[in-house]
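Taking it in order: structure first as structure tokens, then the write-up.
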Amino acid sequence: MTDPKSLLQTTFGLSDFRPGQEEVIAALLAGKSALAVFPTGGGKSLCYQLPALMLNGLTLVISPLIALMKDQVDVLQKKKIPAARLDSTIPYEEVRNIYDQLNSHALKLLYVAPERLANERFLNRLRRQHIALLAIDEAHCISEWGHNFRPDYLKIARQARDLGVERFLALTATATPAVAKDICDAFQIAPEDHIQTSFHRPNLNIQITPCTREERPDLLIQRLNERESGSTIVYVTLQKSAEEVASQLTQNGFRAQPYHAGLKDEQRTAVQESFMAGNTDIVVATIAFGMGIDKADIRAIYHFNLPKTLENYTQEIGRAGRDGKPSVCEVLACADDCTRLANFTYGDTPTPESLQSLVDHLLHQGETFDVSYYELSVAFDIRSLVISTVMTYLELDGILQSTGPFYSAYQYQFNRPENTILARFDPARTHFLQSLFAAAKVGRVWHHLDPSAVAEDLNEPRERIVAAITYLEEQGDLLVQASGLRHRYRRSHPADSQTQADALMKTFARREVQDIQRLDRIVAFAEQKGCLTRHLLTYFGETLETDCGHCSSCLDPTDRTLPRTPPIQISDSHAEIVNEVCKQDALTHPRQLTRFLCGLTSPAASRARLTRHPRFGAFANIPFQEVLAFVEQRLG
């Protein structure tokens, strides 16, 4: 079928395209790459789902959240569209079936997380595919100007070109002009193929209610009692807050449940399904909840805590009122939240000593080397995500060149007798496989294999060892598990480690400033005297000719100031706490100790189980920089 409009009606059951969809689809069908910047609920997914059925080859979808992938694949499969997802929750037999469909080219859409592109066996499979379209959801993550920059996203464009991808579609609901430019540059998208639709949702009633921390719980209950009942999301910052607020609401007669990353996968799935079915009215959640949720009748979004950024806020309120009916979006705004949000930002920055030691270690490796991000994280007390960021920046600076990820260890079980497997091959391949199996260390349940060591023993390329294991897994002969993810690098040219470490510290310092500026914009937005809707649209490069007429500022243009608790004065009692905990081996550096006191985890503190220490988070309501200055003074 070559007519998108006919396919829209017959397969997707829709009478017409939403704004922007037709233009994006036309660009892709013409062989061009495109950027779609649509508001939350604006219909981004159709922009790749429909072309996927018309293009000759596989559409690979990069998506950051399992819940989002699950929802979309479930809907597509109900429409008899050959789609699948690969993630950690998929059972082995289903994974095998997905790979069979991939090998037979029966799949049209395959959803994966960006981290799966670091899986060497998966990349080997993709190299045998004709990838007609790569769709990248949450594409703002590639930009350092974006609000949740992720290093894995920076590598997607290069990896995709290595795989011979024909065209790209980048999708996001939260791109400022600077972020959109970064996306277009990364994926070589022409200006005319950057398609952006209006973020204006006239049915959303944006409200800011200044209040103190103590007033918030009762104020939330009051709002829920006085307004028309309906599906509601309450956003909080901390997992602990999600549990506490949900418990308070339940005690007051509301059907509420918490949702956060600390819950098991099956618990999160159960909460989401209960909410979708209308059995749970209120979900109290951290920011992960709601991505990809296709529920049209959410009547209210409450921010119990300040959102981290205007991008987060816009995305979160966009989940309300997708049916076009009036919905309320209210922030119970207290400036005290800024302390904890800012502390998260400062807590990610490594100590100069740790960063210098890491760079020294990396630049004194051989010309080619491999590393484990986890091992580096533990060794240098730097979070794994920050390690990944450091490696990415060294790549971007031309110091290192990634030559691909690999697993250092495999283990397998036989699904069929070894003789039955070997009988299918010619003598040469049979001899190779016999030698491969003989090289494995036999355990009670699993056979263990180090591909690099076996390759050296057999005088064979490591790639042949991995390809053989992968093939036998695909054929159902073996059950395989890989572990010990490592990353290979080649040093492109010599570099001075001091210079590189200094440059990286400046980069992290710049990111701190950017994140604090984003937080300042949230406070400025909450205290904005002018139309809140207009202010929000202006931030995303859109002009609203007239005020919305129904937000807090339009209804009451008087000054609005967020309550702030008087700053805590650091006293002798705080000094006693510092003296007590500074003796811990994992807290020898002022910044390590400050993270601990502010309630921020680090690899060293977690390994020493200090997050269970009674003093962990003792200074959580004091700004990080003040605590750091005090600790530095005390430790001399």
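The values are calculated or read from the model by the stated rules, or taken from the named source; none is laboratory data. Worth saying up front: this structure is predicted, and the values here are computed from it rather than measured. Please note: Cβ atoms are built from the backbone with ideal geometry, for glycine as well, and neighbour counts cover all protein chains shown.
One residue stands out among those in the stretch 31-43 that are at pLDDT below 95 and over 11 Å from Ile195 (Cα atoms): the one that is surrounded by the fewest Cβ atoms within 10 Å (Cβ to Cβ), which is Gly43.
Taking the condition basic (Lys, Arg) and not assigned by TED's automatic domain parsing to the domain that holds Pro307, does Arg521 pass?
So Arg521 fails the test.
Only a single item in (1) closer than 29 Å to Leu123 by Cβ; (2) free of Cβ contacts under 8 Å to residues at least 40 places away in the same chain is not met by Val480, and it is number (2). Among residues of the stretch 565-580 that are within 15 Å of Gly617 (Cα to Cα), none has a beta-carbon under 8 Å from a residue that is surrounded by fewer than 10 Cβ atoms within 10 Å (Cβ to Cβ) at least six positions away or on a different chain. The set of residues from the stretch 192-202 being more than 15 Å from Ala26 (Cα to Cα) and out of contact with any Phe, Trp or Tyr (no Cβ under 8 Å at 6 or more places or on another chain) comprises Ser198, His200, Arg201, Pro202. Return the residue satisfying two criteria in turn: it lies in the stretch 611-634 and is among the hydrophobic types (A, V, I, L, M, F, W, C) and either outside the structural domain of Glu580 (by TED's automatic domain parsing) or within 30 Å of the chain's Cα centre (by Cα) (or both), and of such residues it is modelled with the lowest pLDDT. Here the residue is Ala620.
Just so you know, in the stretch 243-272 the residues that are among the small types (Gly, Ala, Ser) and buried (at least 17 other Cβ atoms within 10 Å of the Cβ) include one that is nearest to Asn225 (Cα to Cα), and it is Ala256.
Scanning the stretch 72-104 for residues that are crowded, with 20+ Cβ neighbours inside 10 Å and without any contact (Cβ under 8 Å) to a residue 24 or more places away in the chain returns no hits.
Quick one: would you say Ala455 is under 28 Å from Met391 (Cα atoms), without any contact (Cβ under 8 Å) to a residue 24 or more places away in the chain and crowded, with 16+ Cβ neighbours inside 10 Å? Spelling it out, Ala455 is indeed under 28 Å from Met391 (Cα atoms), without any contact (Cβ under 8 Å) to a residue 24 or more places away in the chain and crowded, with 16+ Cβ neighbours inside 10 Å. Restricting Leu28, Leu46, Leu107 to those that are at pLDDT 85 or above, touching a Pro at 6+ places or on another chain (Cβ under 6 Å), surrounded by 16 or more Cβ atoms within 10 Å (Cβ to Cβ) and under 30 Å from Glu542 (Cβ atoms) reduces the list to Leu28. The condition (being closer than 27 Å to Asp297 by Cβ and either without any contact (Cβ under 8 Å) to a residue 12 or more places away in the chain or of a type in the set (Phe, Trp, Tyr) (or both)) is satisfied by just one residue among Phe187, Phe199, Phe168: Phe199.
Hey, does the stretch 50-58 have a residue that's closer than 20 Å to Ile189 by Cα, of a type in the set (Gly, Ala, Ser) and without any contact (Cβ under 8 Å) to a residue 60 or more places away in the chain? Within the stretch 50-58 (the criterion being closer than 20 Å to Ile189 by Cα, of a type in the set (Gly, Ala, Ser) and without any contact (Cβ under 8 Å) to a residue 60 or more places away in the chain), the answer is no, since none of the residues qualifies. Which one is farthest from Pro494 (Cα to Cα) among residues in the stretch 354-387 that are of a type in the set (Gly, Ala, Ser) and more than 24 Å from the chain's Cα centre (by Cα)? By that ranking, first place goes to Ala379. For first residues located in the stretch 602-621 and closer than 24 Å to Leu376 by Cα, partners that are assigned to a loop (DSSP other than H, G, I, E, B) and among the acidic types (Asp, Glu) and lie 6+ apart or on another chain with Cβ distances below 8 Å form the pairs Ser602/Asp381; Pro603/Asp381; Ala604/Asp381. Quick one: would you say Ser384 is at pLDDT below 95 and over 15 Å from Thr507 (Cβ atoms)? When the stated conditions are applied, Ser384 passes them.
Output yes when any residue across the stretch 131-142 is among the charged types (D, E, K, R), modelled with pLDDT under 95, surrounded by fewer than 18 Cβ atoms within 10 Å (Cβ to Cβ) and assigned by TED's automatic domain parsing to the domain that holds Gln188, and no when none is. No: zero hits. The single condition from (1) buried (at least 20 other Cβ atoms within 10 Å of the Cβ); (2) touching a Lys or Arg at 6+ places or on another chain (Cβ under 9 Å); (3) assigned to a loop (DSSP other than H, G, I, E, B) that Met69 fails is (3). Being within 16 Å of Thr172 (Cβ to Cβ), touching a Gly at 6+ places or on another chain (Cβ under 7 Å) and not assigned by TED's automatic domain parsing to the domain that holds Asn415 holds for only one residue in Pro39, Pro64, and it is Pro39.
When residues in the stretch 110-125 are screened for being modelled with pLDDT of 80 or more and charged (D, E, K, R), 2 of them pass. All of Ala482, Ala495 fail the test of being closer than 30 Å to Ser372 by Cβ and either over 25 Å from the mean Cα position of the chain (by Cα) or loosely packed, with under 15 Cβ neighbours inside 10 Å (or both), apart from Ala495. Checked against the criterion of being loosely packed, with under 14 Cβ neighbours inside 10 Å, outside any loop (DSSP other than H, G, I, E, B) and of a type outside the set (Gly, Ala, Ser), the candidates Arg424, Arg429 yield just one match: Arg429. Taking helices (runs of 4 or more DSSP H) as the structural unit, those lying wholly within the stretch 294-404 and holding at least 2 residues that are surrounded by fewer than 19 Cβ atoms within 10 Å (Cβ to Cβ) and charged (D, E, K, R) correspond to 352-363. Screening the stretch 463-479 for residues that are of a type in the set (D, E, K, R) and either surrounded by 16 or more Cβ atoms within 10 Å (Cβ to Cβ) or under 26 Å from Glu94 (Cβ atoms) (or both) and picking the one that is modelled with the lowest pLDDT gives Glu474.
So which residues in the stretch 1-25 are surrounded by 15 or more Cβ atoms within 10 Å (Cβ to Cβ) and part of a helix (DSSP H, G or I)? Listed by number, the residues that qualify are Pro4, Leu7, Leu8, Gln21, Glu22, Glu23, Val24, Ile25. Cβ separations smaller than 7 Å between residues 6+ apart or across chains give no pair from the stretch 239-258 residues that are more than 14 Å from Arg216 (Cβ to Cβ) and not assigned by TED's automatic domain parsing to the domain that holds Ser274 to residues that are surrounded by fewer than 15 Cβ atoms within 10 Å (Cβ to Cβ) and modelled with pLDDT under 95.
Restricting attention to the stretch 163-198, the residues that are buried (at least 20 other Cβ atoms within 10 Å of the Cβ) and part of a loop (DSSP other than H, G, I, E, B) total 7.
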